[in-house]
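All remarks here apply to the structure that follows.
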Amino acid sequence: MRAVRIDTFGGPEVLVPVEVPDPVPGPGEVLIRVAAAGVNRADALTRAGTYHRAGKPPLIPGLEAAGTVTGVGAGVEGITAGQKVIAMGAANAPGFYAEAAAVPATRVTVLPDGIDLRSAAALPVAWLTAWYCLNRLGRLAAGDTVVVQAAASGVGSAAVQIAAVAGAHVIAVASSSAKTGWAAELGAEHTVDTSAFPGEAAVDEVLRLTGGRGADIVLDTVGGDVFAQSLREAAFAGRVVALANVALRPSTVDTRDFYPKNVSIHGFQLTALLEHGYDPRPDLRALADRVAAGDYRVPIEASFPLQDAARAHERLEDRTNRGKIILTTG
């Protein structure tokens, strides 16, 4: 079968199309014919050799995919050949930049009718992250004020919709007027363009928009200096959920920015959560049902053929994308 492999760490050019043996499902595994695979920041970090959970080359990247079941291993129940599914991988295992993959059945979710495989491939990482961070860690409720940093990213665009549909007041923060305008189309009530409100000015604008109170939930997908700003944007008893550091810079935090307000800080990393026993299937099925029902739309920024994975990573890393980038095998 065709796959894209990393034989040495480096830039997008190290993503090389190759022919590899077809996988065979072992006990407890499901064999999936991959239709589409999501492209994520973790894939780019794995490629560069800076993702701490990645294995060593040679390796096939890819943490999420959608496709059709073509075989099941011994002991698998509730999944049969021909079903449409979404699947999650592991950072240190063969991934989904391939025409087929054998995956533990515990990482496979059967899809409802009414959702296409390209959209489904975008759910297991970005959308599940937004869902878990808002609902389980942030305790999202109608009427909450929610700040979403990097609101035009894959996680951000999902979080804007999930919060807005839940009846929250969403403040979308992004780096250009084009991105904030797009977040408004997705349901943000207010927007903050950091090209017009850089650094502390963004904090002041969030506080102005909330009448000085701050936000009940701040979803920080950026890290670095933005994490300290997120703490200052939180209301009394607010919840700040930190799930990335794409800034690749340390965060310098003044504890006085959060403890006098009784602010809760939650860290989140999906791969670590999975390794500690989290079963993603109920949340993924709930998400897929909402997408199939038309409650959420899954924006696909760009779609590339599998063999053009290097171009997909270049697009991801220029940070102009709005929504998900996917690879297709068809």
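No lab work stands behind these numbers, since they all come straight from the coordinates. These figures come from a predicted structure and were not determined experimentally. Here the Cβ positions follow ideal geometry from the backbone for every residue, glycine too, while neighbour counts run over all protein chains shown.
Given [x] 21.0, 77; [y] 19.6, 60; [z] 21.0, 66 as candidate values of Rg and Dmax of the Cα atoms in Å, which corresponds to the one derived from the coordinates? For Rg and Dmax of the Cα atoms in Å, the calculated option is [y]. If the reach is capped at under 24 angstrom between alpha carbons, list the lysines near LYS84, excluding any in the same chain fewer than eight residues apart. Output for LYS84: LYS324. The Cα atoms of the range 125-271 cover 35, 34, 31 Å along the three principal axes, with the biggest extent listed first. Of the DSSP H helices in the chain, those that are both long (alpha-carbon extent of 15 Å or more along the helix axis) and hydrophobic (Kyte-Doolittle mean at least -1.0) are 154-165, 281-292.
At what distance in angstrom do the alpha carbon centres of the range 300-330 and the range 141-209 lie from each other? A separation of 24 Å, based on Cα centres.
Toward the positive end of the charge dipole of the range 125-271, with +1 on the Cβ of Lys and Arg and -1 on the Cβ of Asp and Glu, the farthest Cα among VAL160, ALA242, VAL222 is that of ALA242. Among ASP318, ASP22, ASP283, the largest mean-square fluctuation in a Gaussian network model of the chain (Cα springs under 10 Å) belongs to ASP318. Computed over the chain, the per-residue total of -39500 (n - 2.57) for DSSP H runs of n ≥ 4 gives a 222 nm mean residue ellipticity of -7000 deg cm²/dmol, rounded to 500.
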